[in-house]
Every structure is written in structure tokens, then in C-alpha cells.
Amino acid sequence: MTNIVAVIGGTGRTGRLVVQRLVEQHHVVRAVGRRAGPVRPVAQGATFHRADVRDPATLASVLSDVDAVVYCVEPGTDDKGPDSPRATMHDGLLNVLAAAGRQPRVVLVSQIQVTHRGHPLDLFGGLLSWRLAGEEVLRRSGLPYTVVRPGWLTDETAGAPGVQLRQGDRAAGSLTRANLAEVCVQALRCRTAPGTTFEAFDSPYPSPATWEQTFGALDPDRVAVA
Ligand SMILES: NC(=O)c1ccc[n+]([C@@H]2O[C@H](COP(=O)([O-])OP(=O)(O)OC[C@H]3O[C@@H](n4cnc5c(N)ncnc54)[C@H](OP(=O)(O)O)[C@@H]3O)[C@@H](O)[C@H]2O)c1
């Protein structure tokens, strides 16, 4: 398991849960967000860092020595605004990878339906297209990465004991943020997770006893060599 972990979007609803779990596992955790300070305190044991994925100058000091990155930034939906999907889901990810001085392990939170051409969500600034472009940057990076495509996020705490993983981007459903955080942390931990892209949904059944086997049963990504 890795040591210094930056959670980009670590002040958000999912990011906080990821930060909390990583702190519990004794990692050095940096929660990264744009605001002047956390709206609520981040988990005790983590540090907060103000940085913006759109501005490389803000990223260098916080990312130069990290062993791992979890990227769970929420995009804007206006293609012309500063929060455009291009700026946050593609260019911002490139900025983060460039600022990471080591070769970090990376877990990218994407979303379901990114491969659906003509989907109405893409009318919002090319949201799906730019997310997919960001995924592809990571898949071609040579880094040990995992791409998680969660279903529609909820803050439910009951009724979703486990998680199911799918591939092919054909399924739809929801996922609690707590379950998404668990998937992200397990993807950082397990040696079988790198090199995979998968969708994640709540399951009425408990999560598998061994995440290593669950990730290991997935089809690895086939990356086209340019
Ligand atoms: N909502 C859904 O149903 C759904 C479905 C699938 C996937 N997702 C994705 O799942 C992830 C987690 O979602 P969530 O709802 O838990 O997120 P959230 O609560 O909206 O948190 C988003 C985080 O991103 C940070 N952020 C935004 N722009 C940034 C920038 N330019 N630089 C640095 N940090 C930035 C925010 O902090 P600051 O504002 O302080 O910068 C915040 O910490 C997101 O990527 C989301 O798009 C959501």
C-alpha cells in the first residue's frame, strides 16, 4: 500500500470519505480543493491544501512527492466557463499528472455512460466526451492507474451493503458515496486493480470477501499504442 496520498477533490462529499478511510489506514493524506479553507474540517490526521487543477503553479508543491493520487473532482457543465469539463476532466488531470514528481499510482473517478456517443449529458460542455478523453490520457500514461466509473451517486447509508463491478459501460444504477470511497481505497491497495476500467454499482449483497479476486477477475484494459 502506498504512503503519501493526495485526494484531489478531497474536500468534496466522496473525497472526504476517501480521506477518512486512508487516514484510518495510517497514510499521510493531503486533501486538495480550491477553496480558501475546508468548509468543514477534513478528517483529523489529514492536511488541507488549496490548489486548483486548472492552475499548474498551485499543484507542484502539494504533488511533487506523492505516491498516489485519487482524482475525484466535480466538473462544471458549461463548455465556455472556467470549470468546463475540458478544463477539469482532461486538462486538469494532465496538470496533476505533470505535477506529480514520482510515478504515482492513480485512481480516477469518472462516471458511467462516458462511452455513449450522443448521450444528452454530453450537451453540457461535452461532459462525457471530456471525461472519456481524461480516462484515455490515463490509460496511455504508463502509470499504474485504475478508472472507476460510478453509477449515480447517493448519500444513502442503509440498503447498500455491497458493491458490484461491471465492464462494458452498458449498465445503469446508483452507488452510495461510501461505497465509491471503499472502491477507490481498495483500488489503491490491491495489486490486481491497476490497468483496469470498470463501472461500480450498489449491490444488495455484501461486497466480496477479497477485493484482490474481484479486481483480478476483471478484463484488463487494452491500450492502443499510438
Ligand atoms: N453526482 C453523481 O451522480 C455522479 C455520478 C458519477 C460520477 N460522479 C463524479 O464523482 C466524483 C465525486 O462526486 P461528489 O458529488 O462526491 O463531488 P463533490 O462533493 O461535488 O466534490 C467535488 C470536489 O471537487 C473539488 N474541485 C472542483 N473543482 C476543482 C478544481 N478546479 N481544482 C481542485 N478541486 C476542485 C471540490 O472542491 P472545491 O470546490 O473547493 O474546489 C470538491 O472537493 C466527481 O468526479 C463527480 O463528477 C458523480
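The values are calculated or read from the model by the stated rules, or taken from the named source; none is laboratory data. From a predicted model like this one, the values you see are computed outputs, not experimental measurements. Note: ideal-geometry Cβ built from the backbone for every residue, glycine included; neighbour counts use all protein chains shown. Just the protein is used for accessible areas: all its heavy atoms, side chains included, with ligands, DNA and RNA removed. Shrake-Rupley method; radii C 1.70, N 1.55, O 1.52, S 1.80 Å.
Please specify each residue of segment 128-150 satisfying the condition of being assigned to a strand (DSSP E or B), under 15 Å from ARG222 (Cβ atoms) and more than 13 Å from the ligand (Cβ to nearest atom).
TYR145
Residue check: is VAL70 at pLDDT 95 or above and closer than 21 Å to PRO150 by Cα?
Yes: the conditions hold for VAL70.
Hey, among the residues in segment 184-200 that are touching a residue at least 40 places away in the same chain (Cβ under 8 Å) and open to solvent by 10 Å² or more (accessible area, probe 1.4 Å), which one's nearest to ARG140 (Cα to Cα)? Full working, then the answer.
Initial filter on segment 184-200 (touching a residue at least 40 places away in the same chain (Cβ under 8 Å)): 184-185, 187-189, 193-200.
Now narrow it down to the ones that are open to solvent by 10 Å² or more (accessible area, probe 1.4 Å): 189, 194-195, 197.
Values: ARG189: 21, PRO194: 13, GLY195: 10, THR197: 13 Å.
My answer is GLY195.
Can you go through GLN103, GLN111 and tell me which one is assigned to a loop (DSSP other than H, G, I, E, B) and either open to solvent by less than 40 Å² (accessible area, probe 1.4 Å) or within 13 Å of the ligand (Cβ to nearest atom) (or both)? I'd like the intermediate steps shown before the answer.
Details: GLN103 fails: either open to solvent by less than 40 Å² (accessible area, probe 1.4 Å) or within 13 Å of the ligand (Cβ to nearest atom) (or both).
Criteria check complete, one pass: GLN111.
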Suppose the filter is part of a helix (DSSP H, G or I) and among the hydrophobic types (A, V, I, L, M, F, W, C); does VAL18 pass it? yes
The correct count of residues that are crowded, with 17+ Cβ neighbours inside 10 Å and among the small types (Gly, Ala, Ser) in segment 145-183 is 4
Residue set SER207, SER174, SER141; condition modelled with pLDDT of 95 or more, touching a helix residue (DSSP H, G or I) at 6+ places or on another chain (Cβ under 8 Å) and small (Gly, Ala, Ser); output residue SER141
Kindly establish whether VAL29 is part of a strand (DSSP E or B), away from the ligand (no atom under 12 Å from the Cβ), out of contact with any Pro (no Cβ under 9 Å at 6 or more places or on another chain) and at pLDDT 95 or above. yes
I'd like to check something: does segment 55-64 contain any residue that is over 23 Å from LEU17 (Cα atoms) and assigned to a loop (DSSP other than H, G, I, E, B)? yes
Is segment 127-144 home to any residue that is surrounded by 14 or more Cβ atoms within 10 Å (Cβ to Cβ), touching a strand residue (DSSP E or B) at 6+ places or on another chain (Cβ under 8 Å), farther than 26 Å from ARG102 by Cα and not charged (D, E, K, R)? no
